[in-house]
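Q: Before I ask anything, let me first share the structure, which is written out below as structure tokens.
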Amino acid sequence: MTTQRKAVALISGGLDSMLAAKIILNQGIHVEGVNIFTGFCVAGHTHAIRARDRNKSMRNHALWVADQLGIKLHIIDVIEEYKQVLLNPKHGYGANLNPCLDCKGFMVRKAREWMDQHRFDFIITGEVVGQRPKSQLKHKLPIIARESEAFDRLLRPLSAQVLEPTLPERAGWVDREKLGRITGRSRKAQMAMADRFGFSGYSQPAGGCCFLTDSNYSAKLRDLWRMRGERRYEFDDIMLLKVGRHLRPRPNFKLIVARDAGENRFLHGFSKRFTHLYTDSHPGPLALIDGHASRDELELAARITARFGQGRAASQVRVKVTQRDGHQQVLSVTPLSQDQIPKEWYV
Ligand code: SF4
């Protein structure tokens, strides 16, 4: 009797990990997926918040991929543990605050721990040699295998034929000849393979939904750390960085101004924790103050908030300010004009 071999697939929700899992499924291996939830890949949440994104799919990409493949998916929450990866990456950052090499090693380590606990045989990822400058260069891939302690139980089905044979190949659990030899940044080979497998509707871009690769998002995260005087964050912080306009008119406070009704509702959920403002005399946005604003600065915050409401052309707008202790006041202010809001205020 032959042993049914089992592989755990790291499922990001992108096309590459979907193809990698499919290649191995087609070889008769039992595959289950793990999705590592760092808090920075939350496309489903943000689509759900913004009114203008209502027409876009609100699906969780990893769950969708697992459903297409017909495999179980286990979501592993690593929000707390991941802080050490992001705050102190041994191998540094990519173009933005993406610590890709450390991150990959960490994720494969989590998959390896899961494999050990569940008595699976090997791990598969959708990595492609040469696709990403920081983490997927050929000479960098062994670092991931070593630091995760997955060693030769880590198989990259899309590029396997250009890499050293791993244990699943040497032991004959999988047929190396049926694995891929894709390299480089082009997506053509993956798209052709997706067509062959009959996959459509997969998420684009290939890089997935990690906000750490986004320059605007990274700038906001850096600003948050600067303002706090230390590099730390909580889950709520990283969610708030993705919502609203962020303006820092003074070093001691930042305004987060909702851009539409969906964001208004979302920010309202945080309003008890922040001094917040909304226009009382005209329809307008809710704005949160992150930091401490003096009385004069509250007036400035009110003028900025009024600028983004329907009273922006009015000579006076009433803005209600609610402090964290519940104390309320109404300020009558003249909205700032567009010219009075310098570009440098936008974080
Ligand atoms: S893009 Fe984001 S999730 Fe992917 S390896 Fe880099 S830091 Fe990690």
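FYI, it's all coordinate maths here, none of it is from the lab. Since the structure is predicted, the reported quantities are computational estimates derived from the model, not experimental observations. So basically every Cβ, Gly included, is an ideal-geometry build from the backbone, and we count neighbours across all protein chains shown.
Q: How big is the convex hull of the Cα atoms of the range 169-220, per residue, in Å³?
A: Per-residue hull volume (Cα only) is 145 Å³.
Q: For the range 243-345, what D do you get in µm² per second when you plug the Kirkwood radius from alpha-carbon pairs into Stokes-Einstein at 25 °C and 0.890 mPa s?
A: Answer, rounded: 186 µm²/s.
Q: Put +1 on the Cβ of each Lys and Arg and -1 on the Cβ of each Asp and Glu in the chain; which of His276, Ala194, Gly326 then has its Cα farthest toward the positive end of the dipole?
A: So the residue furthest toward the plus end is Ala194.
Q: Moving on to the next point. Would you work out the charge dipole size for the chain about its Cα centre, treating the Cβ of every Lys and Arg as +1 and the Cβ of every Asp and Glu as -1, and quote it to the nearest 20 debye?
A: Around 580 debye, computed over the chain.
Q: Something else now. Suppose R0 equals 56 Å; then what is the FRET efficiency for Glu297 and Arg170 from their Cβ-Cβ distance, rounded to the nearest 0.05?
A: With a Förster radius of 56 Å, E is 0.25.
Q: Evaluate the range 70-186: find the radius of gyration of its Cα atoms, find its Kirkwood radius, and give the ratio Rg to Rh.
A: Rg/Rh for the range 70-186 comes to 0.97.
Q: Taking the Cα centre of the range 243-345 as origin, work out the dipole magnitude from +1 charges on Lys and Arg Cβ and -1 charges on Asp and Glu Cβ, in debye rounded to 20.
A: For the range 243-345, the charge dipole is close to 160 debye.
Q: Could you tell me which of the pairs Lys242/Lys343; Lys110/Lys178; Lys110/Lys188; Lys140/Lys178 are separated by over 22 angstrom between their Cα atoms in the structure shown?
A: In this structure, Lys110/Lys178; Lys110/Lys188; Lys140/Lys178 lie more than 22 Å apart at Cα.
Q: Can you return the lysines within cross-link range of Lys6? Criterion is Cα-Cα under 16 Å, with same-chain partners fewer than 8 residues away left out.
A: Within the straight-line limit of under 16 Å, Lys6 reaches these lysines: Lys22, Lys72.
Q: While we're looking at this one, here's another question. Where the eigenvalues come from the Cα gyration tensor of the range 55-113, what are the semi-axes √(5λ) of the equivalent ellipsoid, largest first, in whole Å?
A: Largest first, the range 55-113 gives 26, 16, 10 Å.
Q: How would you order 96-105, 168-177 from highest to lowest mean count of nearby Cβ atoms within 10 Å?
A: Top of the packing list down: 96-105, 168-177.
Q: Also, quick follow-up: If you project the alpha carbons of the range 89-129 onto their three principal axes, what span does each projection cover, largest first, in Å?
A: So the extents along the principal axes, rounded to whole Å, are 37, 21, 11.
Q: To continue, here is another question. Quick check: residue separation of Val162 and Arg228 times 0.36 nm, minus the Cα distance between them. What number comes out in nm?
A: That pair, Val162 and Arg228, stretches by 19.1 nm at full extension.
Q: Another question, then. How big is the equivalent ellipsoid of the range 6-210 along its three axes, where each semi-axis is √(5λ) from the Cα gyration tensor, reported in whole Å from largest to smallest?
A: Its equivalent ellipsoid spans semi-axes of 24, 21, 17 Å.
Q: Beyond 20 Å, what share of the Cα-Cα pairs of the range 173-304 is found? Please give it as a whole percent.
A: 59 percent
Q: So for the range 6-210, averaging the separation of alpha carbon pairs under 8 Å that are six or more residues apart and normalising by length, what relative contact order in percent results?
A: It comes to 27 percent, rounded to a whole number.
Q: To continue, here is another question. Report the full-extension gain for the segment His282 to Arg146: residue separation times 0.36 nm, less the Cα-Cα distance, to one decimal in nm.
A: 43.0 nm
Q: Counting pairs of Cα atoms in the chain, how many percent are more than 26 Å apart?
A: 55 percent
Q: Also, I was wondering about something else. Based on the mean of other beta carbon atoms within 10 Å per residue, what is the order of 188-194, 126-132, most packed first?
A: 126-132, 188-194
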